[in-house]
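A short worksheet on the structure shown next.
No lab work stands behind these numbers, since they all come straight from the coordinates. Everything numeric here is computed off the predicted structure, so don't read it as measured data. Cβ: placed from backbone, ideal geometry, glycine included. Neighbour counts: every protein chain shown.
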Amino acid sequence: MKKQIILKSLSFAILIFTLNSCKKDPAKTSLQEEQIEGTVLKSGNFVSNGHPTSGTVKLVTSNNADSIHLVFENFATDAGPDLRVWISSSTDPVTYKEIGILKATNGNFSYKTPISFDYTNLNKVLIWCIDFSVLFGHATLN
């Protein structure tokens, strides 16, 4: 009897450990950050690729020109594991720069980016799923 209780407890502990170790920290469902004020250099609308994706992204220089931000407005996409924001010259990201982990699958938010990025060549904003190598959606900055 005592052996069965210990065995059941151990099995339960292993199950809980396994379930928790497989969890990823997905992007928040919704996020509403304060918008960045400045000059819009380029903008584009998201289009769907592997998953429904919509909204606008703007390349905005701050009023004092010391930083550049990618500003997402009315953004929406499906949830997925390990979603990233990449800047690339193509939707087939052979070469890209990672901006960061996708902050949310819905809402308004922004990322501060290096001024040194060549946004003439790196003009595609990609929502990329690392785990499955899937392009959820993209926008072309014009």
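For segment 31-140, what is the relative contact order in percent, using Cα pairs closer than 8 Å and at least 6 residues apart in sequence?
Relative contact order comes out at 32 percent.
What net charge do the residues around residue 86 carry, taking every other residue with its C-beta under 9 Å from that of residue 86, with Lys and Arg at +1 and Asp and Glu at -1?
+2
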(request) For segment 93-142, just say rounded, prolate or oblate: build the C-alpha gyration tensor, square-root its eigenvalues into a ≥ b ≥ c, call rounded for a/c under 1.5, and beyond that prolate if a/b exceeds b/c, oblate if not. (result) oblate
(message) Over segment 31-140, what portion of Cα pair distances is larger than 18 Å, expressed as a whole percent?
(response) 43
(message) Among 57-64, 129-136, how do they line up by average Cβ neighbours within 10 Å per residue, starting with the highest?
(response) 57-64, 129-136
